Every structure is written in structure tokens, then in C-alpha cells.
Amino acid sequence: FTSILSLINAHPWSLFGATHQVVSACFACMDPANPAMRKSYLHIGMTIICEMGQKLPFIDLNAASMLICIPAAPVEKNASRRIHVFNAKSADLVQELQFENNRHVTAIALKISPESELLACFTVEDSCIRVWSIKQSWTSAFRMSPRVNLPVKCIQCHFTLDKEGGGGEAEE
């Protein structure tokens with residue numbers, strides 16, 4: 001696990017295609033069903049998840065709610081159409097966010113709102129910011145499978161460069 005931490009700090013983008021596997025390995029090591037493994041790996045597993053949430057723009061972790069959002073694994077069917085929301089405390093998949101019209105786009109930046117009610121995502125193929133509601137209801141604990149959501153808002157970005165070729169602005 002220490003080599004994963006080194007990789008996160010030195011070359012974070014090299015993990016782009018393997019984020020799901022790293023998070024799954026951390027969750028497996030922190031499984032409450034295996035108390036011996038959990039005791040040994042809880043601290044390093046949470047450290048890796050927190051570092052990924054801080055250093056990688058395509059992953060976000062809200063420390064207060066312990067929700068972590070990551071794009072679906074690239075090897076998964078329809079992967080580029082989904083973002084997964086996990087509860088890091090229980091390692092449960094709580095929501096699966098889909099792009100409208102089953103579009104194939106790459107989420108390169110994710111951000112959870114401070115109160116863990118919204119998730120914003122920027123996709124480069126269409127220069128669009130999508131916003132999903134990820135607010136957890138009290139009934140979500142009783143669901144057998146994660147809830148699937150579509151974005152509640154899409155903001156098309158039009159980037160323009162100033163005369164010097166730097167900077168720019170986004171227009172809604």
C-alpha cells in the first residue's frame with residue numbers, strides 16, 4: 001500500500017484507469033466482516049482513499065459524510081456513462097449517476113458540495129458541467145441496489161482565450 005501512496009503523490013494521473021481497483025482493494029481490506037484484516041489495514045486504507053480524494057481531480061471525497069465519487073471502472077460495461085458514489089464508512093455503492101442519452105464522455109473533474117447534496121462533474125468531450133443531486137434520504141439504507149440518477153442540470157461551457165493566449169472565461 002505504501003507504493004500506491006507514493007504513486008498518488010508522484011504521478012496521480014497514472015491511476016486514472018485503475019482508481020476503481022485501488023478503491024475496491026482498500027474497501028476489501030477494511031471489510032468489517034474480517035476484523036483481523038480491518039484492524040491491520042483500516043488506517044492505511046483510509047489514508048489512500050483520502051489522498052486520492054485530495055490529489056486526483058477525477059475523484060472526490062467529502063470528509064464529513066465520507067462519500068467518495070469515482071468514474072466507473074474502464075473495463076466495466078458502459079463505464080464512460082457512469083459515476084459511482086460510495087459510502088466510505090461501509091464500502092457500499094449508494095448511487096450510480098448516469099449521463100443523459102447514454103453519452104460516452106470522460107469525467108475529468110468531480111466535486112461534492114460541502115453538505116453532500118450535489119455532485120458537479122466536468123466532461124472534456126462536450127465541455128459541459130453536469131450537476132446531480134446525491135442527497136441521501138433515510139430510506140436509502142433499505143434499498144437493495146444503488147439508486148440510478150440522471151443530472152439535474154447541464155451547463156455548456158464556451159471557453160474563449162484573451163488576446164495574449166492565456167486565461168479565458170466560461171460562459172453559461
Return the only residue of 64, 33, 18, 25 being more than 23 Å from residue 114 (Cα to Cα) and loosely packed, with under 14 Cβ neighbours inside 10 Å.
33
Can you tell me how many residues in the range 83-97 are surrounded by 19 or more Cβ atoms within 10 Å (Cβ to Cβ) and closer than 15 Å to residue 119 by Cα?
6
Any pair with Cβ under 7 angstrom, 6 or more apart, that starts in the range 13-30 at a residue that is without any contact (Cβ under 8 Å) to a residue 12 or more places away in the chain and ends at one that is assigned to a helix (DSSP H, G or I)
14/7
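Each value in this text was obtained by applying a stated rule to the coordinates, not by laboratory testing. These figures come from a predicted structure and were not determined experimentally. Ideal geometry is used to build each Cβ from the backbone, glycine not excepted, and the neighbour counts take in all protein chains shown.
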